[in-house]
Amino acid sequence: MAKRTPDTPPTLRHRLEYGVFRLLDGLIGRLPWATVQALGEAAGMAFYLVDARHRRIVRENIRLTDLELSDPEIRALSRTCFRHFGALFVGLLRLRRATPEELDRWIRVEGQEHFDAVQAKGTGFIQLTGHYGNWEAVALAQSRLGKSLAVIGRELDNPLLEPISLAFRTRFGNRVIFKDGAVRGAIKAAKAGMGIGFLLDQDGLGMGIFVRFLGQWASTFSTAGMLAARYRLPVLPVFSWPNEDGTITVRFEPAFDCPHTGDLERDTWTATQLMTSCLEAQVRRDPRWWFWMHRRFKTRPGEPGSPDLPPEVWVESIQPLHN
């Protein structure tokens, strides 16, 4: 798709998408939270039944990992994945209109002391999460509590929907750093003592570096690792997941520092591997809430244009830190 510029007029497709959004927003945006979640799960199951391509991607992703699930377990996990992300995406229409008091009831935030401790250092930090649970609820809830951060994000292709998305993400004081200027914007935010939010579980194609994830080499964007290595930024993990009563738990974990040897390339790889291992540990704890629909292992070692594998000595040195 051609890159969109601010002066690019909306296409017919953009207008149709905007119309569908407005229709759904009007129908769903003020319904009770439990009703919205039920509708979202039903929509997810409908897509499960008709979307053979993504059913196949989910099952292939799971089989590529070392989770060693049986075929019945894989099918059950696939159905849960579709239901969960149906509820997540439909739920965004309701979260967008939620009052602060509703957010306080629907989203439970734990481990705030870990955020406060790393922010108090004043050095800036990497806030690490992935496409796990409800990552939009994480940013929304913490900013509602005055714990704002700068989030790395991609501008939507649809120019009619982008202002709505931006307003949602920045509602309580978060900043959005678009990927085109991510490094410069992240450095500026870190120097201001802010946290920089990264979702670190997307395939990095030929622009990434290979690290181990769920038993496979996975191409991974290295910006977060480079920033942690070059500027000695601590890493604050945060994850979320849905509860049986319909609420969402957001939990900050203790921050950690990445090793520094003075070799920036090696330290960047080490930081990226440690952050990926942290994400992996959460997926292993409960794989139901990870975004299995993304082709995480699309880029394979040895293919034309793929990154080189890291030196064995790097991999051997990181192994004790995995455990």
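Every number in this text was worked out from the coordinates using simple rules, so none of it is lab data. Because the structure is predicted, anything quoted here is derived from the model rather than measured. All Cβ positions, glycine included, derive from the backbone under ideal geometry; neighbour counts span all protein chains shown.
Those helices (runs of 4 or more DSSP H) of the range 1-107 in which 2 or more residues are hydrophobic (A, V, I, L, M, F, W, C) and in contact (Cβ under 8 Å) with a residue 60 or more places away in the chain occupy 12-28, 33-50, 52-64, 71-95.
Which members of the range 232-262 meet the condition of being outside any loop (DSSP other than H, G, I, E, B) and not polar (S, T, N, Q)?
Quick first cut of the range 232-262, residues outside any loop (DSSP other than H, G, I, E, B) only: 235-242, 248-252, 256.
Within the range 232-262, Val235, Leu236, Pro237, Val238, Phe239, Trp241, Pro242, Ile248, Val250, Arg251, Phe252, Phe256 qualify.
In the range 149-174, of all residues being touching a Pro at 6+ places or on another chain (Cβ under 8 Å) and not hydrophobic (A, V, I, L, M, F, W, C), the one that is nearest to Gln202 (Cα to Cα) corresponds to Asn158.
Inspect the range 152-170 for any residue being without any contact (Cβ under 8 Å) to a residue 40 or more places away in the chain, surrounded by fewer than 19 Cβ atoms within 10 Å (Cβ to Cβ), more than 13 Å from Val250 (Cα to Cα) and among the β-branched types (Val, Ile, Thr) and give the result as yes or no. Scanning the range 152-170, I find at least one residue that is without any contact (Cβ under 8 Å) to a residue 40 or more places away in the chain, surrounded by fewer than 19 Cβ atoms within 10 Å (Cβ to Cβ), more than 13 Å from Val250 (Cα to Cα) and among the β-branched types (Val, Ile, Thr), so the answer is yes. Before we move on, is Thr247 hydroxyl-bearing (Ser, Thr, Tyr), farther than 30 Å from Arg184 by Cα and out of contact with any His (no Cβ under 6 Å at 6 or more places or on another chain)? Yes; evaluated as a whole, the condition is true for this residue.
The rows are residues; the columns are (1) surrounded by fewer than 17 Cβ atoms within 10 Å (Cβ to Cβ); (2) among the hydroxyl-bearing types (Ser, Thr, Tyr); (3) touching a strand residue (DSSP E or B) at 6+ places or on another chain (Cβ under 9 Å).
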| residue | (1), (2), (3) |
| --- | --- |
| Ile57 | no, no, no |
| Glu60 | yes, no, no |
| Leu77 | no, no, no |
| Val109 | no, no, yes |
| His114 | no, no, yes |
| Lys121 | yes, no, no |
